[in-house]
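The values are calculated or read from the model by the stated rules, or taken from the named source; none is laboratory data. Bear in mind that the values here come from a model prediction, so they are computed numbers and not experimental data. Neighbour counts are summed over all protein chains in view; Cβ atoms, including those assigned to glycine, are modelled from backbone coordinates with ideal geometry.
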């Protein structure tokens with residue numbers, strides 16, 4: 001056990017020495033890795049911000065089902081129970097004629113003409129069932145249910161209704177989120193491949209510069225991992241430093257946009273929420289960034305050293 005620990009510590013130490021020795025050589029590798037990891041982090045945070053915006057708007061949208069005056073309370077409650085069982089229904093609330101009138105008056109508190117007309121003609125507002133959907137992209141399922149013959153017979157001619165402008169806003173944000181997610185994935189894949197190639201070439205050049213030393217180590221009986229280990233450690237350090245810098249870059253962007261630009265949103269992006277989300281999940285995001293950096297660096301160096309060691313073992 002002691003021998004293994006000494007060997008492991010030597011591998012770590014040699015890898016750190018190699019990192020310092022090849023620092024300028026690894027600048028290009030770290031630059032591309034920083035771009036890759038920054039893209040990953042930015043896509044993650046903005047996707048969360050977009051989802052929050054969609055959720056906020058969705059909570060303000062409901063489908064109004066207007067019932068005929070002849071519908072009994074029992075029939076209305078049965079309709080509410082059926083709606084609650086639909087998979088895309090988040091919540092259902094029932095307003096009888098009196099409650100619906102009270103809400104209508106509150107919504108039109110500034111319009112004295114409407115309020116005066118209501119006082120003269122009585123209560124023209126029908127009992128209403130308010131349905132909040134979970135996913136607006138599947139709202140047709142609720143409409144199909146409301147269009148069923150026995151259910152439609154309970155409704156007035158202008159039922160159901162919902163706010164179309166908000167639906168359009170939801171569709172626009174959802175479309176932007178989808179495009180961002182796809183663009184982010186494509187960018188991450190491209191930059192990750194470039195990072196792997198550059199680290200691969202960096203390690204190959206380091207191996208070439210130390211070829212005589214490595215040949216002597218092989219002749220003296222050094223194990224494969226004793227030779228490969230320092231290069232893996234060196235690449236992992238590239239990944240860790242790149243991850244830390246990417247987190248600092250994103251943090252700087254949020255600080256600059258919220259304080260220097262005095263902006264709470266940037267187009268569809270809610271900067272305040274994104275910044276809050278970043279701060280609240282800082283440790284998780286940092287851990288994921290470091291893990292990705294280590295993975296990219298380790299895979300690149302293992303492939304590069306494996307190719308060299310295979311050549312030398314023939």
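Some values worked out for this structure:
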item	result
Qualifying residues in the range 100-110 (those that are exposed (fewer than 15 other Cβ atoms within 10 Å of the Cβ) and in contact with a strand residue (DSSP E or B) (Cβ under 9 Å, 6 or more places away or on another chain)) - the one modelled with the lowest pLDDT	103
For residue 90: the one exception among (1) at pLDDT 85 or above; (2) in contact with a helix residue (DSSP H, G or I) (Cβ under 6 Å, 6 or more places away or on another chain)	(2)
Residue check for residue 35: farther than 18 Å from residue 247 by Cα and either in contact with a helix residue (DSSP H, G or I) (Cβ under 9 Å, 6 or more places away or on another chain) or at pLDDT 75 or above (or both)	no
Residue selected from the range 216-225 under the condition at pLDDT 70 or above and part of a helix (DSSP H, G or I), by the criterion nearest to residue 31 (Cα to Cα)	225
The range 38-51, residues that are at pLDDT 80 or above, under 30 Å from residue 93 (Cα atoms) and either out of contact with any strand residue (DSSP E or B) (no Cβ under 9 Å at 6 or more places or on another chain) or surrounded by fewer than 22 Cβ atoms within 10 Å (Cβ to Cβ) (or both)	48
Residue 182, sole failed condition from (1) modelled with pLDDT under 70; (2) closer than 22 Å to residue 47 by Cβ	(1)
Residues (in contact with a strand residue (DSSP E or B) (Cβ under 9 Å, 6 or more places away or on another chain) and either surrounded by 15 or more Cβ atoms within 10 Å (Cβ to Cβ) or at pLDDT 85 or above (or both)) located in the range 250-267	257
Near pairs, Cβ below 8 angstrom, 6+ apart or cross-chain, from the range 137-157 (within 18 Å of residue 69 (Cα to Cα) and assigned by TED's automatic domain parsing to the domain that holds residue 175) to any residue that is assigned to a helix (DSSP H, G or I) and modelled with pLDDT of 85 or more	none
When residues of the range 60-75 are limited to those that are assigned to a loop (DSSP other than H, G, I, E, B) and within 38 Å of the chain's Cα centre (by Cα), the one modelled with the highest pLDDT	62
Some residue of the range 241-249 being out of contact with any strand residue (DSSP E or B) (no Cβ under 6 Å at 6 or more places or on another chain), modelled with pLDDT under 75 and in a helix (DSSP H, G or I)	no
Residue, farthest from residue 147 (Cα to Cα), within the range 76-99, restricted to residues that are in a helix (DSSP H, G or I) and touching a strand residue (DSSP E or B) at 6+ places or on another chain (Cβ under 8 Å)	77
Test: residue in the range 146-157 that is in a helix (DSSP H, G or I), modelled with pLDDT of 80 or more and closer than 30 Å to residue 19 by Cβ	no
